[in-house]
Amino acid sequence: MITVTKKDLVELGYGTSFSADIIKKAKELMITKGHTYYQSRKLDRVPREAVEEILGIRLSNENRSE
């Protein structure tokens, strides 16, 4: 699974607080899909597909964590 962190989003040009909001919304999305693992407050990685679904764009294959 390809994951994204707040740091990855900042490197793509998003602001720090906006990046944190994206990660938070992606975690909420994953929880609604039944993945309760994402309820952890310390977890800072989310699937790239969740971030792409929230932003409505495809992220490049660069600047990503695997």
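The values are calculated or read from the model by the stated rules, or taken from the named source; none is laboratory data. None of the values given here were measured: they were computed from a predicted structure. The area values use the complete protein model at the heavy-atom level, side chains included, leaving out ligands, DNA and RNA. Shrake-Rupley method; radii C 1.70, N 1.55, O 1.52, S 1.80 Å.
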Where does each of 31, 22 land when they are ordered by accessible area, with a 1.4 Å probe and the largest first? 31, 22
Of all the accessible heavy-atom surface of the chain, with the other protein chains kept in place and a 1.4 Å probe, what percent is carbon and sulfur? 49
Could you give the angle, 0 to 90 degrees to the nearest 10, between helix 16-32's Cα long axis and the longest principal axis of the Cα atoms of the chain? 40
Quick calc of log₁₀ I(q)/I(0), the chain, Debye, one scatterer on every Cα, no solvent, q values 0.15 1/Å, result -0.40
